[in-house]
């Protein structure tokens, strides 16, 4: 804090920095891993279209050199290395900077910041660590029939953004599948650990929602006229990606509502089971009330010599008769409960 604008702050947990260079020609796209700044400078002199992918943000000096080579604004380079940015597009004097959140797996823990800057011929991307979801873009570049090589850098930017947004779908699909499984378990056998898992899923969905809402605004801004580097023929593709963002937001909201509903369902199921237990206990107590009453009467120790003090105690079959009477009362109550549909 307190540092001047454009200051790059090191991150002790950042991944080592490497540079992958893709040289794009009309008929080929060649990937060159582990490139230096001089290698990239030489490739720029060839006049070919380039995709420079900076992987890992540990080497701030190297990142600053890349920024200077492509004339990125110092504030843009600072945002690249400060990985708590929200998805956005910033328009600078020479090149815009796009920031999105990327998921390279089926868990929210795989989220990382992905930044893109570009001009008419070159695309420069920055990602926090190795591993991403951009293999479909690389396959399209390698395909001899793909049109991505024949289009300019803005179309490549669209392809990258579209692929990143599409990576949200399997993530949400995995969450949706788990919600369905939790629903089945809650209905059949609700357990307390389901509540903790539902809260975790709700937090994950909130993370996705916070990534999608500003991404939608970013995609909308890219199609506006103030971003002069985006030709109008790419706008229609960006609008399609914008529609994907809207769809993802709707799915996220639906799953959050489902998770909330499942929490209510769990509480209702637990309450229903508790009511069933209480009903059984109440029925048992109701049955034993008259039995206990009879046992209490016959258990009083009055003087047995008096003719008024329970003469039935002298009856030869008094004990089995008492047990039989208790059994008849218990069975009779069970029949009444069954008839009343309380059982």
Counting only residues that are touching a helix residue (DSSP H, G or I) at 6+ places or on another chain (Cβ under 9 Å) and surrounded by fewer than 18 Cβ atoms within 10 Å (Cβ to Cβ), how many does the range 91-108 have? 5
Options 122, 101: the member that is in the same structural domain as residue 222 (by TED's automatic domain parsing), in contact (Cβ under 8 Å) with a residue 12 or more places away in the chain, closer than 24 Å to residue 151 by Cα and touching a strand residue (DSSP E or B) at 6+ places or on another chain (Cβ under 7 Å): 122
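Quick grid of which residues meet (1) in contact with a helix residue (DSSP H, G or I) (Cβ under 7 Å, 6 or more places away or on another chain); (2) within 27 Å of residue 192 (Cβ to Cβ):
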{"residue": "255", "(1), (2)": "yes, yes"}
{"residue": "258", "(1), (2)": "yes, yes"}
{"residue": "265", "(1), (2)": "yes, yes"}
{"residue": "275", "(1), (2)": "no, yes"}
{"residue": "288", "(1), (2)": "no, no"}
{"residue": "298", "(1), (2)": "yes, no"}
{"residue": "314", "(1), (2)": "no, no"}
{"residue": "322", "(1), (2)": "yes, no"}
{"residue": "331", "(1), (2)": "no, no"}
Being surrounded by 15 or more Cβ atoms within 10 Å (Cβ to Cβ), assigned to a helix (DSSP H, G or I) and more than 21 Å from the chain's Cα centre (by Cα) narrows it down to one residue among 255, 237; which is it? 237
Only one of 203, 138 is in the same structural domain as residue 124 (by TED's automatic domain parsing), under 17 Å from residue 110 (Cβ atoms) and assigned to a helix (DSSP H, G or I); which? 203
Between 185, 197, which is part of a helix (DSSP H, G or I) and either farther than 22 Å from residue 268 by Cα or over 14 Å from the mean Cα position of the chain (by Cα) (or both)? 185
Some residue of the range 334-342 being closer than 26 Å to residue 194 by Cα and in contact (Cβ under 8 Å) with a residue 40 or more places away in the chain: no
Could you give me the residue pairs with C-beta distances under 6 Å whose first residue belongs to the range 27-42 and is closer than 13 Å to residue 141 by Cβ, whose second residue is assigned to a helix (DSSP H, G or I) wherever it lies, and which are 6+ apart or on separate chains? 29/141; 29/142
Out of (1) in a helix (DSSP H, G or I); (2) out of contact with any strand residue (DSSP E or B) (no Cβ under 6 Å at 6 or more places or on another chain); (3) more than 30 Å from residue 274 (Cβ to Cβ), what's the single condition that is false for residue 148? (1)
If only one of 253, 217, 257 is over 30 Å from residue 97 (Cα atoms) and in the same structural domain as residue 114 (by TED's automatic domain parsing), which one is it? 257
Cβ pairs under 6 Å, 6+ apart, first in the range 57-69 and without any contact (Cβ under 8 Å) to a residue 40 or more places away in the chain, second part of a helix (DSSP H, G or I): 65/37; 67/77
Test of understanding: among 11, 48, 53, which residue is at pLDDT below 95 and either assigned by TED's automatic domain parsing to the domain that holds residue 123 or over 33 Å from the mean Cα position of the chain (by Cα) (or both)? 48
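The values are calculated or read from the model by the stated rules, or taken from the named source; none is laboratory data. The structure presented is a predicted model; accordingly, all values stated were derived computationally and were not measured. Backbone-built Cβ (ideal geometry, glycine too); neighbour counts: all protein chains shown.
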